[in-house]
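Peer 1: Quick one: the structure is below, and I'll ask about it shortly.
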Amino acid sequence: MTIYGFPVPKFAALIVWVIVWEIVGQFELLLLFPPFTEVLAAMVDVVTTPSFFEAARITAYCYLLGLALAVVFGIALGLLMGLVPAADKLLNMWINIFLSAPLSALVPVIMILFGMGQPTVIVTVFMFAVWIIALDTRAGVQHVSPSLKEMALSFGASRAQRLKIVLFSALPEILAGIRLGVIRGVKGVVIGQLLVSIIGVGALFSLYSQNFLMGHFWALILILFAFALSLAELIGRFEQKVEFYAGARG
Amino acid sequence: MNAIAQTATPDATAAATPVDAPIVRTEGIHKVYGGAVHALKDINLEFKRGELTSLLGPSGCGKTTLLKIIAGLLKPTEGRVQVNGKPITGPGPERAFVFQDFALMPWATVLRNAAFGLEQQGVAKAEREERARHYVKEVGLAGFEDKYPHELSGGMRQRVGLARALAVDADVLLMDEPFSAVDEQTRRKFQEDLIRLREIENKTFILVTHSIEEAVYLSDRIVLLSPRPGRVAQVMDPDIKREGDPDAIRRAPEYLDLTDEIWRGLREYVE
Ligand SMILES: Nc1ncnc2c1ncn2[C@@H]1O[C@H](COP(=O)(O)OP(=O)(O)O)[C@@H](O)[C@H]1O
Ligand SMILES: [Mg+2]
């Protein structure tokens, strides 16, 4: 499996990195890098505290809600751009700007608009995930085979039916966009909470770093990574299921 | 109308006694793409009920354009198309299209693809599946109903496209180079099956092809189009008996003579 074109380290590679980490940590050169074994021990500590449970709940809630909004809005936006050239002309440039803009710099603005609570985190997740979903959906819609569209027309399909055919045809690209959105969304939920820093994992992160609990700090990061990668893997599995027909498209 | 009882429908009896009124008529059709490409020029044609007409010509001469105009998928720049005496405004249930690249839904089974047209017409699930099953069988795909397009060869995919067009029980079947994307053996078998199918199904076929042999082998009438702007260069009525051994037909002197004659006619465009 690859993400952003980079191969995700296989299990073996992972072990190598863990060993390197452990060795570097044992030298106690950097305060920031406790040995890996210490991080593992801290992980047990982290997941058993009630504040972790609360942070996980808030994180999951903000993440899933922001992502759901991004999926719905992103697909709708992508469909609009893929189907209506005028809308595409108007929006494409902006969406590309948003896609490549340093969104973290935007979070303070979001904070001013939405306050220091969950809405800001939700909006941040949304902003991180939505644009890639919209652009991938657009690409998928634009690549729908013209003859399939003509086929639907010639057999008298209704507008709704034709839209369904476009959506199904574009499904492989849409799913690829969602998979990327899932990963970006994790970035969003972490950055959002870090900047808000009084709720969720953000609060935990600031608690750990202020008390120099670097083992706990890294344990939390590992947990978040594991969460993001498993989600992406899950969607990757689903993608493979629809791949059989992606390959068969004209 | 029950598809199983096809041969007993009034249509079939009507066609048995030759009806002179053409089922499809094109009147003064011009097509200009984007103000610059003059694809078709003054096409006046009549297609007789129950006949198979081939539109033959070098590639780029406007065959697909003409077929799509007849299908109602493209608007002519000038002129009009009449089907059953009425001018068309778009696609209609009396015409069904068979696509060069099959145009199957990759996510749907053979049966669902074949039933697509019926589904759009609002035919209930049980009935449309029964009818689709019948035509899937008729095109020789019995046993493949639950397969997906990617599990089929090119020739089999085109049979699904044909079953889908037959299932809606249209009067006119419009086929755009239906055999061009399949290999030579499959192509011949498909051509023979089409001849057999014509004996069962009483339909008008308009077939686009760039193969002289295919046109001569299959057609009651051949319309030769000249290169851009596409014009009717010649209309021929091959008189070839198609009963019996297909290989014998392909060796018959009438068949060979006509192939030769058309080739001589087309040659000047190629050179
Ligand atoms: N959408 C289009 N826009 C501009 N030119 C077109 C378009 N479709 C076809 N043409 C041109 O019109 C001519 C006839 O095309 P077509 O009907 O596809 O020919 P054929 O099917 O005989 O190969 C070709 O020269 C082609 O390049
Ligand atoms: Mg063509």
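The values are calculated or read from the model by the stated rules, or taken from the named source; none is laboratory data. Not measured: the values here are computed from a predicted model. Because the Cβ atoms are built from the backbone with ideal geometry, glycine has one as well, and the counts that use them run over all protein chains shown. Side chains included, ligands, DNA and RNA excluded: accessible areas come from the protein's heavy atoms. Shrake-Rupley method; radii C 1.70, N 1.55, O 1.52, S 1.80 Å.
Peer 1: Being away from every other protein chain (no Cβ under 14 Å) and either crowded, with 23+ Cβ neighbours inside 10 Å or out of contact with any helix residue (DSSP H, G or I) (no Cβ under 9 Å at 6 or more places or on another chain) (or both) is the filter here, so list the residues in the stretch B:97-111 that pass it.
Peer 2: none
Peer 1: For the stretch B:230-251, name all the residues that are open to solvent by less than 70 Å² (accessible area, probe 1.4 Å), away from ligand 1 (no atom under 16 Å from the Cβ) and not in a loop (DSSP other than H, G, I, E, B).
Peer 2: B:235, B:236, B:246, B:248, B:249, B:250
Peer 1: For the stretch B:113-156, which residues satisfy the criterion of being free of Cβ contacts under 8 Å to residues at least 12 places away in the same chain, within 14 Å of another protein chain (Cβ to nearest Cβ) and out of contact with any Lys or Arg (no Cβ under 8 Å at 6 or more places or on another chain)?
Peer 2: B:120, B:122, B:151
Peer 1: Please go through the stretch B:253-265 and pick out each residue that is of a type outside the set (Phe, Trp, Tyr) and under 18 Å from residue B:211 (Cα atoms).
Peer 2: Selection gives B:254, B:256, B:257, B:258, B:259, B:260, B:261, B:262, B:264, B:265.
Peer 1: Please state which of the following conditions residue A:128 fails to meet, knowing it meets all the rest: (1) assigned to a helix (DSSP H, G or I); (2) farther than 15 Å from residue A:183 by Cα.
Peer 2: Only one criterion is unmet by residue A:128, namely (2).
Peer 1: Can you find a residue that is surrounded by 15 or more Cβ atoms within 10 Å (Cβ to Cβ) and within 17 Å of residue A:182 (Cα to Cα) anywhere in the stretch A:87-98?
Peer 2: There is at least one residue in the stretch A:87-98 that is surrounded by 15 or more Cβ atoms within 10 Å (Cβ to Cβ) and within 17 Å of residue A:182 (Cα to Cα).
Peer 1: Under 30 Å from residue A:55 (Cβ atoms) and out of contact with any Phe, Trp or Tyr (no Cβ under 6 Å at 6 or more places or on another chain) - does that describe any residue in the stretch A:155-168?
Peer 2: No, every residue in the stretch A:155-168 fails to be under 30 Å from residue A:55 (Cβ atoms) and out of contact with any Phe, Trp or Tyr (no Cβ under 6 Å at 6 or more places or on another chain).
Peer 1: Also, I was wondering about something else. Hand me the list of helices (runs of 4 or more DSSP H) wholly inside the stretch A:131-228 holding 2 or more residues that are of a type in the set (Ser, Thr, Tyr) and within 14 Å of another protein chain (Cβ to nearest Cβ).
Peer 2: Here the list reads A:146-154.
Peer 1: Still on this structure, I have one more. For the stretch B:58-114, enumerate the residues that are over 18 Å from the mean Cα position of the chain (by Cα) and under 28 Å from residue B:148 (Cβ atoms).
Peer 2: Selection gives B:105, B:106, B:107, B:108, B:109, B:110, B:111, B:112, B:113.
Peer 1: Identify all residues within the stretch B:92-118 that are closer than 24 Å to residue B:41 by Cβ and more than 16 Å from ligand 2 (Cβ to nearest atom); write none if there are none.
Peer 2: B:95
Peer 1: Just give me the residues in the stretch B:64-75 being of a type in the set (Ser, Thr, Tyr) and within 11 Å of chain A (Cβ to nearest Cβ), in sequence order.
Peer 2: Our first condition is that a residue be of a type in the set (Ser, Thr, Tyr); within the stretch B:64-75, this holds for B:64-65.
Residue satisfying the conditions is B:64 alone.
Peer 1: Taking the condition of being in contact (Cβ under 8 Å) with a residue 60 or more places away in the chain and open to solvent by 50 Å² or more (accessible area, probe 1.4 Å), how many residues in the stretch A:177-206 meet it?
Peer 2: Summing the residues that are in contact (Cβ under 8 Å) with a residue 60 or more places away in the chain and open to solvent by 50 Å² or more (accessible area, probe 1.4 Å) in the stretch A:177-206 gives 2.
Peer 1: Give me a count of the residues in the stretch B:38-57 that are within 16 Å of ligand 2 (Cβ to nearest atom) and either within 14 Å of chain A (Cβ to nearest Cβ) or farther than 26 Å from residue B:21 by Cβ (or both).
Peer 2: Going through the stretch B:38-57 one residue at a time, the tally reaches 2.
Peer 1: Being more than 13 Å from every other protein chain (Cβ to nearest Cβ) and of a type outside the set (Ser, Thr, Tyr) is the filter here; which residues of the stretch B:76-89 pass it?
Peer 2: B:76, B:78, B:79, B:80, B:81, B:82, B:83, B:84, B:85, B:86, B:87
Peer 1: Only one residue in B:66, B:56 is out of contact with any Lys or Arg (no Cβ under 6 Å at 6 or more places or on another chain), within 15 Å of ligand 1 (Cβ to nearest atom) and within 10 Å of residue B:30 (Cα to Cα), so which one is that?
Peer 2: B:66
Peer 1: Can I ask one more? Can you give me the ranges of the helices (runs of 4 or more DSSP H) entirely in the stretch B:112-224 with at least 3 residues that are open to solvent by 10 Å² or more (accessible area, probe 1.4 Å) and closer than 30 Å to residue B:255 by Cα?
Peer 2: B:154-167, B:184-200
Peer 1: Of the residues that make up the stretch B:107-119, is at least one over 17 Å from residue B:130 (Cβ atoms), touching a strand residue (DSSP E or B) at 6+ places or on another chain (Cβ under 7 Å) and among the hydrophobic types (A, V, I, L, M, F, W, C)?
Peer 2: no
Each row is one residue, and each column tells you yes or no for (1) of a type in the set (A, V, I, L, M); (2) surrounded by fewer than 20 Cβ atoms within 10 Å (Cβ to Cβ); (3) touching a strand residue (DSSP E or B) at 6+ places or on another chain (Cβ under 6 Å).
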site: B:67; (1), (2), (3): yes, no, yes
site: B:72; (1), (2), (3): no, yes, no
site: B:76; (1), (2), (3): no, no, yes
site: B:80; (1), (2), (3): no, yes, yes
site: B:86; (1), (2), (3): no, yes, no
site: B:95; (1), (2), (3): no, no, yes
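Peer 1: Still on this structure: State which residue is nearest to ligand 2 (Cβ to nearest atom) when the search covers only the stretch B:58-75 and only residues that are over 15 Å from residue B:38 (Cβ atoms) and assigned to a loop (DSSP other than H, G, I, E, B).
Peer 2: The residue in question is B:59.
Peer 1: Please go through the stretch B:93-111 and pick out each residue that is of a type in the set (Val, Ile, Thr) and assigned to a helix (DSSP H, G or I).
Peer 2: Step one: list which residues in the stretch B:93-111 are of a type in the set (Val, Ile, Thr), which gives B:98, B:109-110.
Result: B:110, single match.
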